[in-house]
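Report on the structure given below.
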Amino acid sequence: MSALLPHARPPHPLHPPSDWLLRWAHLIPAGGRVLDVACGPGRHLHWLHAQGFAPTGVDRDPAALASLAPLAQAGAEIVEADIEDGPWPFAGRAFDAVLVTNYLWRPRLPDIAAAVAPGGLLIYETFAQGQESVGRPARAEFLLAPGELLRLAAGEGLRVLAYEDGFLEAPAPRFVQRLVAARGAAAPGTPLRHLLRPPGPSR
């Protein structure tokens, strides 16, 4: 990743970034374009910007997006759009990584996957079946079925690099399913090397 950029501080404390994003961010190219779907008040956008990535966030909540004005002034792209009841605002665009956390709207999944550029990543994490036994969301339409993200990746021509489906106790008890998948390079040739650990001393 590139050198840290001056950070546009959020007006209010934010939850820390997803540990799934932190675990796999080393696969995003330095300065890469990252789309955060249903970004809310920007816990991931702020982190991505501080790491030198070029983040784009989309959400339908104007109050949440209003708090991102300093980040927009610092160069982030902030898009207000209802992606459930309106058009997909990124038609024809592609990103080096597409990030989705704690959000599921199945009719939009093909558009989300299509926004992954050649050589890019889909980083997805949200609630899975079983969550109804410990808290919200509890409705089936917001909970992934077993293997659902794997089927999404296969149907969209993405190569699965990592996948988990289970229960986490912290920071709050929750059932999750999460995936990292890559789109092949635009031109055939030497296979892309997706490091399963960040570069550094071997462990």
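Derivation of every value follows stated rules applied to the coordinates shown; laboratory data play no part. None of the values given here were measured: they were computed from a predicted structure. Note that each Cβ is placed from the backbone with ideal geometry, even for glycine, and that neighbours are counted across all protein chains shown.
Specify the residue with the greatest mean-square fluctuation among L143, L21, L168, computed from a Gaussian network of the chain linking alpha-carbon atoms under 10 Å apart.
Sorting by GNM fluctuation, first place goes to L168.
For the range 83-203, what class follows from the C-alpha gyration tensor (a ≥ b ≥ c being the square roots of its eigenvalues): rounded when a/c is under 1.5, otherwise prolate if a/b is larger than b/c, else oblate?
Verdict is oblate for the range 83-203.
Let me check I've understood the local charge: for P173, count other residues with C-beta under 14 angstrom from its C-beta, Lys and Arg +1, Asp and Glu -1. What total comes out?
Combined, the nearby Lys, Arg, Asp and Glu give 0.
Which residue, G147, G86, G157, has the most motion in a Gaussian network model of the chain that connects Cα atoms within less than 10 Å?
In the Gaussian network model the winner is G86.
Please report how far the C-alpha centroid of the range 130-203 lies from that of the range 9-74, rounded to the nearest whole angstrom.
The two parts, judged by their Cα centres, are 19 Å apart.
Taking amide H positions as placed in the peptide plane 1.01 Å from N, state which residues far from A54 in sequence (5 or more) or on other chains have amide H under 5 Å from it.
G32, R33, V34
How long is the chain along each principal axis, judged by its Cα atoms, biggest number first, in Å?
Computed over the Cα atoms, the extents are 46, 43, 39 Å.
Of all beta bridges DSSP finds with both residues in the chain, what is the antiparallel percent, to the nearest 5?
45
When the chain is modelled as a GNM with alpha-carbon springs shorter than 10 Å, which of L122, L109, L71 fluctuates the most?
L109
For the range 137-146, just list the computed ³J(HN,Hα) in residue order, Karplus coefficients 6.51, -1.76 and 1.60, θ = phi - 60°, integers in Hz, with x standing in for Gly and Pro.
x, 10, 7, 4, 5, 9, 10, 6, 7, x
Give me a comma-separated list of calculated 3J(HN,Hα) values for the range 121-131, in order, Karplus coefficients 6.51, -1.76, 1.60 applied at θ = phi - 60°, integers in Hz, x for any Gly or Pro.
Along the range 121-131, the couplings run 10, 10, 10, 10, 8, 7, 6, 10, 3, x, 4 Hz.
Work through the residues other than P41 whose Cβ is under 9 Å from its Cβ and net out their charges, Lys, Arg +1 and Asp, Glu -1.
Net local charge, P41 excluded: -1.
I'd like the Karplus ³J(HN,Hα) series for the range 85-90: coefficients 6.51, -1.76, 1.60, θ = phi - 60°, whole numbers in Hz, and an x wherever there's a Gly or Pro.
10, x, x, 6, x, 10
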